[in-house]
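The values are calculated or read from the model by the stated rules, or taken from the named source; none is laboratory data. Since this is a predicted model, take the numbers as computed values, not measurements. Counting neighbours? That spans all protein chains shown, and the Cβs are built from the backbone with ideal geometry, glycine included.
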Amino acid sequence: MSQYEDREGSSLVDDVREEVKQEEVPAADLKISQPSAEELEKIVYLQKLDSLNEKKYADNLIFILENGFTNFEVNLNLLKRNNNDLSIVINNLCNSSNITESMFI
């Protein structure tokens, strides 16, 4: 008797397979969940990051995203205007009164 067989000679692997078969959900009952608005913002942000030609901003853009600032264009433009200085950009984002639409035209 191997370690994978019980006393009756039945394979434990076969027993587990049988249990899984009994628990299987028909494909028609499976539902695909939709990403939340926040998840979609992150997906779009990461897609824009992936197509970015100026890779020197990439690490700081990821850091900014991880801290909840999901507007890619604002983040990138702030980094460009501030010579990629993360501390200045974060300060501006936290004090958003410093950010105006005219900065990005």
Q.
If a residue must be assigned to a helix (DSSP H, G or I) and touching a residue at least 12 places away in the same chain (Cβ under 8 Å), how many such residues does the range 29-64 contain?
A. 15
Q.
Checking Glu39 against (1) over 30 Å from Asn92 (Cβ atoms); (2) modelled with pLDDT of 65 or more; (3) acidic (Asp, Glu), only one condition comes out false. Which one?
A. (1)
Q: For the range 68-90, name all the residues that are over 13 Å from Tyr45 (Cα atoms) and not in a helix (DSSP H, G or I).
A: Asn82, Asn83, Asn84, Asp85
